[in-house]
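Worksheet for the structure shown next.
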Amino acid sequence: TVVNEGLENVTIDGTALSSNNIEMVACYQCWVKGVGSIDAARAHVLVYLSANDVIRDSYLYQSQSHMEVSYAIELEQASGILIENNIFQQLTNPIMSGQTSGSVVDYNFSVDNLYVNNYLQFTSYAHNAGNEMNLYEGNNFQTIWTDDEWGSSYAGTLFRNMSSGWQTGTNKSTTPFAARAYNRAFNVDRKST
């Protein structure tokens, strides 16, 4: 396990890479701050088997592909993660919560998401089973959905988010918030859509 390691104030161009620009694997109390990440093949930042990490004040721009598995931040088997004050531009999916609990996603901004065939791809509160007790607060994302593809999630809170369900040039998947099948007990305040 890596403990108390960080990456700050650099720019990473992933054009020649075939995977993630930054990986936090088995990382405890690690951080990414003030980083510019360009043209990731899969995720700009992957957090895997990690806890109590921070990703903040960074700019994640463009993906090599605007198809599936093209993310800004991907969380897999992670807990207590803070994702704060980041800008996501021209990405397919700003946050992919494969599996996380007890995490906070707050005050992030996403613009110009790109996905094939005029789809407005969603920020994923939950994709795999076991996403619970996460807080999304004060974000500006076009859409926030819970997915029913790989299992159930519950007890999420969405508070004071801007989720318009709209973006120029898109006409599919334009729902501001969706708790799909098998996702239960969500708290969504009236200002979150």
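The values are calculated or read from the model by the stated rules, or taken from the named source; none is laboratory data. All values derive from a computational prediction rather than experimental measurement. Here Cβ is always computed from backbone atoms with ideal geometry, including for glycine, and neighbour counts include all displayed protein chains. These accessible areas exclude ligands, DNA and RNA; they are computed on the full protein's heavy atoms, side chains included. Shrake-Rupley method; radii C 1.70, N 1.55, O 1.52, S 1.80 Å.
Quick notes
- Inverting the pair-averaged 1/r between distinct Cα atoms of the range 79-193 gives 13.7 Å as its Kirkwood hydrodynamic radius.
- Probing with 1.4 Å while keeping every protein chain in the model, the per residue accessible area of the chain equals 44 Å².
- Element breakdown for the range 76-139 at a 1.4 angstrom probe: carbon and sulfur atoms account for 50% of the accessible area.
- Correct choice for Kirkwood radius over Cα pairs in Å that was computed from the model, options [x] 16.1; [y] 17.0; [z] 16.6: [x]
- Whole-angstrom gap from the range 34-101 to the range 111-145, using each part's C-alpha centre: 11 Å
- Built amide H within the under 5 Å cut-off of Trp31, gap 5+: Glu5, Gly6, Leu7, Val54
- Normalised by 2.2 N^0.38 Å, where N is the number of residues, the alpha-carbon radius of gyration of the range 17-118 equals 0.97.
- Across the range 94-144, the convex hull enclosing all Cα atoms gives 66 Å³ per residue.
- Kirkwood-based Rg to Rh ratio, the range 113-174, C-alpha trace: 1.00
- Using θ = phi - 60° in the Karplus curve 6.51 cos²θ - 1.76 cosθ + 1.60, the 3J(HN,Hα) couplings for the range 132-143 round to 8, 6, 9, 10, 10, 9, x, 8, 10, 10, 5, 8 Hz; x is entered for Gly and Pro.
- 5 angstrom amide H check on Ala178, placed H, neighbours 5+ away: Ile144, Trp145, Thr146
- Contact order for the chain, expressed relative to its length and based on alpha carbon pairs under 8 Å spaced 6+ residues apart, stands at 13 percent.
- Label-to-label distance, Thr174 versus Val104, with points set 7 angstrom from Cα along the beta-carbon direction: 3.5 nm.
- The charge dipole of the chain, taken about its Cα centre with unit charges on the Cβ of Lys, Arg, Asp and Glu (plus for the first two, minus for the last two), comes to roughly 540 debye.
- Charge dipole magnitude, Cβ of K and R +1, D and E -1 - the range 90-193, Cα centre, debye nearest 20: 240 debye
- Rough spin-label spacing in nm, given labels placed 7 Å along Cα→Cβ, for Trp150 and Val10: 2.7 nm
- For Asn118, the shell of other residues with beta-carbons less than 14 Å away shows a net charge of 0, using +1 for Lys and Arg and -1 for Asp and Glu.
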